[in-house]
Amino acid sequence: MTTFQTHTIESAPEQSRALLNNAKANYGFVPNLFANMAESPALLEGYLALTQIFNKTSLSETEKQIIMMTANRLHHCDYCMAAHTTIAKAAVSADVIRALRDNTPIADSKLETLRQFTIQVVTSRGWPTQQEIASLIAAGYSQQTVFDVILGTSLKIMSNYTTSVAHTELDEVFKADIWQAA
């Protein structure tokens with residue numbers, strides 16, 4: 001079995017070191033996801049840049065977490081579900097987080113429509129039907145939201161696939177929110 005290194009700032013390739021230093025300054029530690037991604041400076045830079053871009057969308061924090069946590073669940077990413085649960089607690093209601101973790105409907109019908117649309121984007125590999133798009137728009141979202149869902153799921157492919165390939169160890173800070181795919 002191939003073992004991937006969980007880099008420290010010192011062991012990381014030179015081009016990844018500044019990115020890991022920034023992560024440490026922002027989070028107080030270097031998340032193991034970033035430490036694994038550091039093996040490919042381009043992947044780490046791309047993930048961090050795409051995260052910043054996704055945060056510029058007009059989506060609320062709850063809507064962004066619905067997209068990301070839905071993709072995490074569908075990709076069976078134990079690491080990302082735990083991490084996003086911890087992150088989401090600052091801005092997302094407990095009932096929405098619970099629904100996302102348990103794969104149960106969200107009580108708010110608009111948010112549930114976003115969750116269902118995200119499921120369709122991920123499971124169809126980017127081929128939602130015209131009816132699914134129309135349902136999202138009828139719920140009060142826009143054509144822009146269709147593309148923002150694609151952006152958010154693309155971001156999660158980068159992290160979900162990395163944790164799968166590298167067998168990323170869950171950081172201590174996320175362990176209270178451990179999650180395992182069914």
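Values in this text are rule-based calculations from the coordinates and carry no lab data. Values in this document were obtained by computation on a predicted structure and should not be read as measured data. Glycine also receives a Cβ, built like all others from the backbone with ideal geometry; neighbour counts cover every protein chain displayed.
For the pairs Lys56/Lys89; Lys56/Lys175; Lys24/Lys175, flag any whose C-alpha to C-alpha distance is greater than 25 Å.
Lys56/Lys175
Going through segment 19-79, which trypsin sites (Lys or Arg not before Pro) have at most 11 other Cβ atoms within 10 Å and a DSSP loop state? List each step's numbers first, then the result.
Numbers: sites: Lys24, Lys56, Lys64, Arg73; in loops: Lys56.
When the trypsin sites (Lys or Arg not before Pro) of segment 19-79 are filtered for loop state and at most 11 Cβ neighbours within 10 Å, Lys56 remain.
Take Met69, Met1, Met81, Met158 and order them by how many other Cβ atoms sit within 10 Å, fewest up front. Before the final figure, lay out each step's value.
Values: Met69 28, Met1 3, Met81 24, Met158 18.
Ascending number of Cβ neighbours within 10 Å: Met1, Met158, Met81, Met69.
Work out the length of the dipole vector of the chain about its Cα centre, built from +1 on the beta-carbon of each Lys and Arg and -1 on the beta-carbon of each Asp and Glu, and round it to the nearest 20 debye.
In total the dipole reaches around 240 debye.
What is the gain in length, in nm to one decimal, between Ser135 and Asp108 on full extension, counting 0.36 nm per residue of separation less the C-alpha to C-alpha distance?
Length gained between Ser135 and Asp108: 8.2 nm.
Given contacts defined as C-alpha pairs under 8 Å and at least six residues apart, what's the relative contact order of the chain, whole-number percent?
Relative contact order, the chain: 29 percent.
How far is the Cα center of segment 1-73 from the Cα center of segment 128-182, in Å?
15 Å
Give a quick list of chymotrypsin sites (Phe, Trp or Tyr not before Pro) in segment 1-104 that DSSP marks as loop, anything other than H, G, I, E or B, with at most 16 other Cβ atoms within 10 Å.
Taking segment 1-104 and a limit of 16 other Cβ atoms within 10 Å, the loop chymotrypsin sites (Phe, Trp or Tyr not before Pro) found are Phe4, Phe29.
From the residues His75, Leu136, Val165, which one has its Cα farthest along the dipole of the chain in the positive direction, the dipole being from +1 and -1 charges on Cβ of Lys/Arg and Asp/Glu about the Cα centre?
Going by the charge dipole, the pick is Leu136.
Of Leu48, Ser60, Thr86, which is farthest towards the positive pole of the chain's charge dipole, taken about the Cα centre with +1 and -1 on the beta-carbons of Lys, Arg and Asp, Glu respectively?
Ser60
Please work out whether segment 14-54 counts as rounded, prolate or oblate from its C-alpha gyration tensor, where a ≥ b ≥ c are the square roots of the eigenvalues and a/c under 1.5 means rounded, while otherwise a/b larger than b/c means prolate and anything else oblate?
oblate
By its C-alpha gyration tensor, with a ≥ b ≥ c as the square roots of the eigenvalues, how is segment 59-177 shaped: rounded for a/c under 1.5, else prolate for a/b larger than b/c, else oblate?
Details: a/c = 2.23, a/b = 1.44, b/c = 1.55.
The shape class here is oblate.
In segment 77-182, which GluC sites (Glu not before Pro) are in a loop and have at most 14 other Cβ atoms within 10 Å, using DSSP for the loop call?
On the way: sites: Glu112, Glu132, Glu169, Glu172; in loops: Glu169.
Listed in order of number, the matching sites are Glu169.
Can you run the Rg to Rh ratio on segment 86-128? Use alpha carbon positions and the Kirkwood inverse-distance Rh.
1.02
With a/c under 1.5 counting as rounded, go ahead and sort segment 41-86 into rounded, prolate or oblate using the C-alpha gyration tensor (a ≥ b ≥ c being the square roots of the eigenvalues; past the cut-off, prolate if a/b is larger than b/c, else oblate).
In terms of gyration-tensor shape, oblate.
State, as an integer percentage, the relative contact order of segment 14-54 based on alpha-carbon contacts under 8 Å between residues 6 or more apart.
Here the relative contact order equals 39 percent.
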